[in-house]
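The values are calculated or read from the model by the stated rules, or taken from the named source; none is laboratory data. Values in this document were obtained by computation on a predicted structure and should not be read as measured data. Here the Cβ is made from the backbone with ideal geometry for all residues, glycine too, and neighbour counts use every protein chain on show.
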Amino acid sequence: MEKNKEKCKTKYPVMLVHGIGYNDRNHPYWGNIPGILKKNGAKIFFSSQSGAGTIEENARQVRDSILVALSETEAEKINLIAHSKGGLESRYLISRLGMDEKVASLTTLATPHRGIKAIDSLNEKSELILRSLIGVFELMIAADGGELIGDKKVFEQFSREYMDIFNEMVPDSKKVYYQSWAFDMKKPETDPAMKLFYNISLEEEGPNDGLVSVASAMWGNFRGVYEGPQGKGISHSAAVGKRPKLLSEGETKALEGFYIHMVCELKESGY
């Protein structure tokens with residue numbers, strides 16, 4: 001029994017890096033996932049960066065959180081598990097802020113490494129429509145306890161053009177293990193709040209989680225697409241446990257198992 005309780009006890013502590021619009025200091029961004037990982041032996045920390053900052057601004061905040069976590073644990077390195085934009089901020093701090101000596105591994109979940117084509121296409125057709133959709137997106141975040149973004153540059157960083165430049169300027173470090181996962185809603189009804197963007201992204205990029213396409217989420221060692229139990233589909237936000245009402249008890253257990261397996265693999269790989 002004791003051995004089972006330590007199956008997620010990795011060599012290095014784990015930091016969960018949240019995405020856009022939220023700050024995990026005052027919002028349960030990861031739902032019950034941190035609790036279930038701790039129950040199975042993982043040492044968990046949170047990134048606590050702003051939900052409204054640019055990649056560069058937030059990367060500095062995540063760096064500071066990492067240094068605090070390493071000081072508290074006296075560990076040499078940390079494992080980062082990053083969702084959405086948090087993955088870009090993690091890549092930036094590793095390669096541009098000299099943190100590759102402090103990061104053992106980076107696991108990105110639904111991170112738009114190649115941008116969000118739907119945003120570019122909407123902008124080309126009508127900037128007004130795009131602004132309106134972003135406004136609705138911000139209101140949804142605010143109603144859910146998140147932060148208003150405000151800065152147009154934050155959304156511009158999701159363009160494919162920006163990410164092409166970003167990927168040139170932020171090369172992977174050979175000192176860090178990179179792996180990635182994507183999610184797929186499968187059908188619009190999976191998450192009504194993300195239905196519109198899912199349909200647009202499906203037409204523009206193919207399978208997606210209501211925001212980020214499978215193709216854009218691939219980075220480093222691509223581990224596959226998580227579609228929920230029986231392949232019923234799971235959305236961008238539900239996949240991190242942030243919207244538990246979208247998941248049945250069985251789907252919640254399956255999601256917990258997905259994260260436990262992820263951290264167990266890091267342990268088995270020596271991280």
Open item on the list: So, in the stretch 217-238, exactly how many residues are in a helix (DSSP H, G or I) and either of a type in the set (Val, Ile, Thr) or touching a helix residue (DSSP H, G or I) at 6+ places or on another chain (Cβ under 7 Å) (or both)?
Closed with: 2
TODO: Determine whether the stretch 240-255 contains at least one residue that is modelled with pLDDT of 95 or more, more than 15 Å from the chain's Cα centre (by Cα), in a helix (DSSP H, G or I) and within 26 Å of residue 104 (Cβ to Cβ).
DONE: no
Task: the stretch 177-216, subset in contact with a strand residue (DSSP E or B) (Cβ under 6 Å, 6 or more places away or on another chain) and assigned to a strand (DSSP E or B), residue farthest from residue 104 (Cα to Cα) - done: 183
Open item on the list: Give me the residue from the stretch 25-39 that is surrounded by fewer than 18 Cβ atoms within 10 Å (Cβ to Cβ) and not small (Gly, Ala, Ser) and, out of that set, modelled with the lowest pLDDT.
Closed with: 26
Task: Scope the stretch 1-59; condition under 17 Å from residue 240 (Cβ atoms) and aliphatic (A, V, I, L, M); matching residues - done: 14, 15, 16, 17, 20, 33, 36, 37, 42, 44
Task: Answer from 61, 49 - the residue that is in a loop (DSSP other than H, G, I, E, B), in contact with a Ser or Thr (Cβ under 8 Å, 6 or more places away or on another chain) and over 18 Å from residue 267 (Cβ atoms) - done: 49
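Within the stretch 201-242, take every residue that is of a type in the set (Lys, Arg) and under 23 Å from residue 158 (Cα atoms) and give me the one that is surrounded by the most Cβ atoms within 10 Å (Cβ to Cβ). Spell out the reasoning first.
Let us first name the residues in the stretch 201-242 that are of a type in the set (Lys, Arg), namely 223, 232, 242.
With the extra rule that they be under 23 Å from residue 158 (Cα atoms), the set shrinks to 223, 242.
Numbers: 223: 15, 242: 23.
Top of the filtered list is 242.
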Task: the stretch 53-89, subset among the hydroxyl-bearing types (Ser, Thr, Tyr) and under 20 Å from residue 156 (Cβ atoms), residue surrounded by the fewest Cβ atoms within 10 Å (Cβ to Cβ) - done: 54
Task: Search result, residues across the stretch 40-52 that are of a type in the set (A, V, I, L, M) and either at pLDDT below 95 or surrounded by fewer than 18 Cβ atoms within 10 Å (Cβ to Cβ) (or both) - done: 52
- [ ] Could you please tell me which pairs satisfy a Cβ distance under 6 Å, a separation of 6+ or placement on different chains, a first residue in the stretch 18-42 that is without any contact (Cβ under 8 Å) to a residue 40 or more places away in the chain, and a second residue that is in a helix (DSSP H, G or I)?
- [x] 41/5
Open item on the list: Residue under question is residue 56, and the condition is that it be more than 17 Å from the chain's Cα centre (by Cα), charged (D, E, K, R) and under 26 Å from residue 96 (Cα atoms); does it hold?
Closed with: no
Task: Test result for residue 20, outside any loop (DSSP other than H, G, I, E, B) and within 20 Å of residue 91 (Cα to Cα) - done: no
